[in-house]
1. What whole-number distance in Å separates the alpha-carbon centres of the range 284-355 and the range 101-149?
2. List, largest first, the extents of the alpha carbons of the range 213-355 along their principal axes, each in whole Å.
3. How large is the direction-averaged shadow of the alpha-carbon convex hull of the chain, in nm²?
4. First check a/c for the range 100-204, with a ≥ b ≥ c the square roots of the eigenvalues of its C-alpha gyration tensor; if it is under 1.5, answer rounded, and if not, answer prolate when a/b is larger than b/c or oblate otherwise.
5. Beyond 20 Å, what share of the Cα-Cα pairs of the range 62-156 remains, rounded to the nearest whole percent?
6. Identify all lysines with a Cα-Cα distance to Lys34 below 19 Å; exclude those on the same chain that are fewer than 8 residues away in sequence.
7. Ignoring any ligand, DNA or RNA, what whole percent of the accessible area of the chain comes from carbon and sulfur when the probe is 1.4 angstrom?
8. First measure r as the distance between the Cβ atoms of Glu46 and Lys87, then evaluate 1/(1 + (r/R0)^6) with R0 = 30 Å and state the FRET efficiency to the nearest 0.05.
Amino acid sequence: MRWLLLTFSLLAVPALAQTPPPSAGQTATQDALKLGVQLYALGRYEAALEAFERAAKEKPQDPDVLYWLARAQLKVGLLNPALENAKGLVAKNPRYIGGYMVLAEAYIALYRASEDREKGKAYLDQALSVLRDAERINPRYAPLFAQRGLVYALLGQVDKAEEAFKKALSLQDTPEVRLAMAELYLAAGRLDEALEQYARALQLAPKDADLRVRYASALLLKGRAEEAARVLEEGHKLKPLDAEGWYTLGQAYVALGWMREAGVALENAIALAPLRFPAAYYYLGLVYLALGDAQKAKSRLTVAVRLEPKRPEYRYQLCLANEKLGDKEGARYQCQEALKLKPGYKEAEEVLRRL
C-alpha cells in the first residue's frame with residue numbers, strides 16, 4: 001500500500017521527468033516553438049501541441065522542436081506517437097540529451113498506462129537503459145539522475161531510488177528532487193527523514209503552495225498540528241482558493257481542538273471542491289457535534305455517508321447526530337449499518353443498547 005501511495009505521490013512531481021526548456025535565445029527566433037513552450041508552461045497542452053506540430057513542419061530537423069512535440073504528445077495521451085518521435089530524436093541526434101530524457105519519459109508513461117503493472121515493468125527497464133545511454137552523453141546532468149530515481153521508486157527499489165536522488169542533489173539542489181526524496185521516505189515509513197526533506201524543499205521554494213500542503217500533511221502524521229497549521233496559513237496567502245489546502249488546514253484545526261476555525265476551513269474546502277474530499281463532510285460532522293449543532297452535523301454526515309457508504313465511522317457519527325436530534329429510528333439504523341461494516345464496533349453497540 002505504501003508503494004501505491006508513493007506511485008501517486010511521485011507522479012505529482014512532474015519536474016523529475018522533464019528537461020529544462022531551451023534558453024530564450026534558442027527559441028526567440030522560432031515563433032511557433034516559442035509560442036508552444038509558453039502554452040506548455042501554462043498547462044495548455046493541446047494548444048501547445050498544435051504549435052509544435054506547426055513548428056515541426058517548418059523545421060522538421062530541429063531537435064528542440066521534436067523534443068517539445070514529444071513532450072506535448074505525452075501530456076495529451078498520444079503515447080505511441082510520442083515514443084516514436086522520441087526514438088527518432090535520439091537516432092538522429094545521439095548527442096542531444098533531451099532526446100534521451102523524453103524517451104525515458106515516454107517509457108514511464110507507457111508503464112503508467114499498463115493494465116498489468118508487472119508486465120509493464122518492462123517499460124521501466126527500457127527507461128533505465130535509455131538513462132544509462134544518456135549518462136554516457138552527460139554524466140553530470142542532474143535531471144537524468146532525478147529521472148532514474150523516479151524509475152527506481154516506481155519499481156519499489158528504495159535504496160537505488162535514494163542513491164539516484166542524492167546524486168541529482170549533489171549536482172543541482174532543487175525543491176522538486178527534495179520533494180521526491182520526501183515522498184520516497186514517507187512511503188518507506190521514514191517520517192523524520194521525510195520531514196527534513198520537505199522542510200529543505202520549502203526553504204528552496206517558499207511560494208509553492210502545493211508543497212506546503214504535502215509538508216503539512218506529513219507534519220500531521222507526526223502529530224505536529226500547530227506547525228502544520230502555520231505552514232498552511234502562510235500558504236493561503238499565496239493560493240487562497242486551494243481546496244486541498246483548506247481541507248488539510250481543517251484537519252490541523254480539528255487536531256488542535258479549534259473547532260470553529262476548523263468549521264470555516266472545511267466549509268471553504270467543500271465550497272471550492274464539493275466532491276473531492278468526502279472526509280471533509282465527516283470532519284465537519286465532528287466539528288458541528290462538538291459545537292452542539294446536531295442538525296448541521298447530520299446534514300454534513302449524511303453527505304459523507306452518501307459519498308462513502310462503507311465507512312463505519314461515518315455511519316456511527318451520523319447515528320450520534322440522529323440520537324441527539326431525537327431520531328431514534330435513524331440512529332438505530334445507522335449504528336446497525338456501522339456494525340455490519342465493522343462487527344464488534346463497541347461504540348455503536350453501546351448506542352444501540354441505550355436506544
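The values are calculated or read from the model by the stated rules, or taken from the named source; none is laboratory data. Model, not experiment: these values are computed from the prediction. Positions of Cβ are generated from backbone atoms using ideal geometry, with glycine treated the same way; all protein chains shown enter the neighbour counts. Each accessible area value is taken on the protein alone, full model and side chains, heavy atoms only, with ligands, DNA and RNA left out. Shrake-Rupley method; radii C 1.70, N 1.55, O 1.52, S 1.80 Å.
1. Rounded to whole Å, the Cα centres lie 49 Å apart.
2. Sorted from largest, the Cα extents of the range 213-355 read 49, 28, 24 Å.
3. 20.0 nm²
4. oblate
5. Of the Cα pairs, 31 percent sit more than 20 Å apart.
6. In chain and number order, the partners are Lys57, Lys59, Lys75.
7. So the carbon and sulfur contribution to the accessible surface is 50 percent.
8. Approximately 0.85, to the nearest 0.05.
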